[in-house]
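See below for the structure under consideration.
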Amino acid sequence: TATIGVLALQGAFEAHAKALESLGVTARLVRTPGELKGLDGLIIPGGESTTFLKFLERDGFLDALEGFVESTPTFGTCAGAILLAKEVRNPEQASLAVLDIAVERNAYGRQIDSAIITEPTKLPGGPLEMVFIRAPRITHIGAGVESLAERDGSPVLVRQGHLLAATFHPELGHDARVHQLFLDIVAAKR
Ligand code: GLN
């Protein structure tokens, strides 16, 4: 079976590990660049992208991760999606720049910055519950990127080949379909 890493420097990594384990997959918490070795896929969880960057700037972690996401399935949620994005605004900040999307951080405004919405998506199985916490807004997607779900007309779940990104927190919902989709991407790659 596949071994999936969950970047565990900061943020919502435990809930991702549980979601993976509920789908019968071994989750490995990744805290050093060496722990990326041998993984079939990686989840970069939500949290605070600026704090992630601070940790990643140590020990060559950012370089190792850049190489990893180039060809290994990676799923970024919220702050993780920001880290994968080619372009980050509000404010501009460094990223892995591998996923052809532009994001604006904390873009849903104070009143509605955190919300739970249930909307139809392109995933089979009916409407999906999506938990947003100080989410970024995806303001642009490149030609090679597919939008699988939207909120207020902006994509919130996107896929580009072996890369998946959600601006919401699928690990906090009661629905395993988004994690399952990622596992399907991992299985196809293997
Ligand atoms: N607001 C955070 C950021 O800009 C993301 C929030 C989250 O991951 N829940 O990095």
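Against the condition farther than 18 Å from ALA12 by Cβ, among the hydrophobic types (A, V, I, L, M, F, W, C) and over 15 Å from the mean Cα position of the chain (by Cα), how does ALA102 come out, does it pass?
Details: farther than 18 Å from ALA12 by Cβ: yes; among the hydrophobic types (A, V, I, L, M, F, W, C): yes; over 15 Å from the mean Cα position of the chain (by Cα): no.
So ALA102 does not fit the description; no.
Could you tell me which of the residues LEU53, LEU83 is within 16 Å of the ligand (Cβ to nearest atom), in a helix (DSSP H, G or I) and in contact with a helix residue (DSSP H, G or I) (Cβ under 7 Å, 6 or more places away or on another chain)?
Numbers: LEU53 fails: in contact with a helix residue (DSSP H, G or I) (Cβ under 7 Å, 6 or more places away or on another chain).
Exactly one of LEU53, LEU83 is within 16 Å of the ligand (Cβ to nearest atom), in a helix (DSSP H, G or I) and in contact with a helix residue (DSSP H, G or I) (Cβ under 7 Å, 6 or more places away or on another chain), namely LEU83.
Under the condition of being within 16 Å of the ligand (Cβ to nearest atom) and crowded, with 20+ Cβ neighbours inside 10 Å, which residue from the stretch 13-31 is farthest from ALA64 (Cα to Cα)? By that ranking, first place goes to ALA19.
Among the residues of the stretch 121-146, not one is surrounded by 19 or more Cβ atoms within 10 Å (Cβ to Cβ) and acidic (Asp, Glu).
Hey, any hits in the stretch 3-13 for a residue that's touching a residue at least 24 places away in the same chain (Cβ under 8 Å), among the aromatic types (Phe, Trp, Tyr) and farther than 25 Å from GLY173 by Cα? No, every residue in the stretch 3-13 fails to be touching a residue at least 24 places away in the same chain (Cβ under 8 Å), among the aromatic types (Phe, Trp, Tyr) and farther than 25 Å from GLY173 by Cα. Which is within 16 Å of the ligand (Cβ to nearest atom), within 23 Å of LEU83 (Cα to Cα), in a strand (DSSP E or B) and touching a residue at least 12 places away in the same chain (Cβ under 8 Å), of ALA149, ALA135, ALA165? Result of the check over ALA149, ALA135, ALA165: ALA165. Of the residues making up the stretch 1-35, those that are of a type in the set (A, V, I, L, M) and over 27 Å from GLU92 (Cα atoms) are ALA2, ILE4, ALA15, ALA17, ALA19, LEU20, LEU23, VAL25, ALA27, LEU29. Quick check on the stretch 172-181. Is at least one of its residues surrounded by fewer than 19 Cβ atoms within 10 Å (Cβ to Cβ) and basic (Lys, Arg)? Yes; the residues of the stretch 172-181 include at least one that is surrounded by fewer than 19 Cβ atoms within 10 Å (Cβ to Cβ) and basic (Lys, Arg).
Within the stretch 111-138, work out how many residues are touching a strand residue (DSSP E or B) at 6+ places or on another chain (Cβ under 6 Å) and more than 18 Å from ARG159 (Cα to Cα). Show your work before the answer.
The first filter runs over the stretch 111-138 and keeps only residues touching a strand residue (DSSP E or B) at 6+ places or on another chain (Cβ under 6 Å), leaving 114-118, 121-122, 127, 129-133, 136-138.
Narrowing the set further to residues that are more than 18 Å from ARG159 (Cα to Cα) leaves 114-118, 127, 129, 131-133.
Summing the residues that are touching a strand residue (DSSP E or B) at 6+ places or on another chain (Cβ under 6 Å) and more than 18 Å from ARG159 (Cα to Cα) in the stretch 111-138 gives 10.
Of all residues in the stretch 51-94 being among the basic types (Lys, Arg) and modelled with pLDDT of 95 or more, which is nearest to VAL6 (Cα to Cα)? Among those residues, the one meeting the criterion is LYS54.
In summary, SER114 fulfils each of the numbered conditions (1) in contact (Cβ under 8 Å) with a residue 40 or more places away in the chain; (2) within 14 Å of the ligand (Cβ to nearest atom) with the single exception of condition (1).
The combined condition, being away from the ligand (no atom under 15 Å from the Cβ), modelled with pLDDT of 95 or more and either surrounded by fewer than 24 Cβ atoms within 10 Å (Cβ to Cβ) or part of a strand (DSSP E or B) (or both), is fulfilled by ALA97.
So that you can scan it fast, the table gives a plain yes or no per residue for (1) among the hydrophobic types (A, V, I, L, M, F, W, C); (2) at pLDDT 95 or above; (3) closer than 21 Å to ALA165 by Cβ:
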position	(1), (2), (3)
GLN10	no, no, yes
THR26	no, no, no
GLY34	no, yes, no
LYS37	no, yes, no
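You will find that of VAL158, VAL69, the residue that is touching a strand residue (DSSP E or B) at 6+ places or on another chain (Cβ under 8 Å), outside any strand (DSSP E or B) and more than 10 Å from the ligand (Cβ to nearest atom) is VAL69 and no other.
The values are calculated or read from the model by the stated rules, or taken from the named source; none is laboratory data. Just so it is clear, the structure is predicted and the values come from calculations on it, not from any experiment. Neighbour counts run over all protein chains shown; Cβ positions are idealised from the backbone, glycine included.
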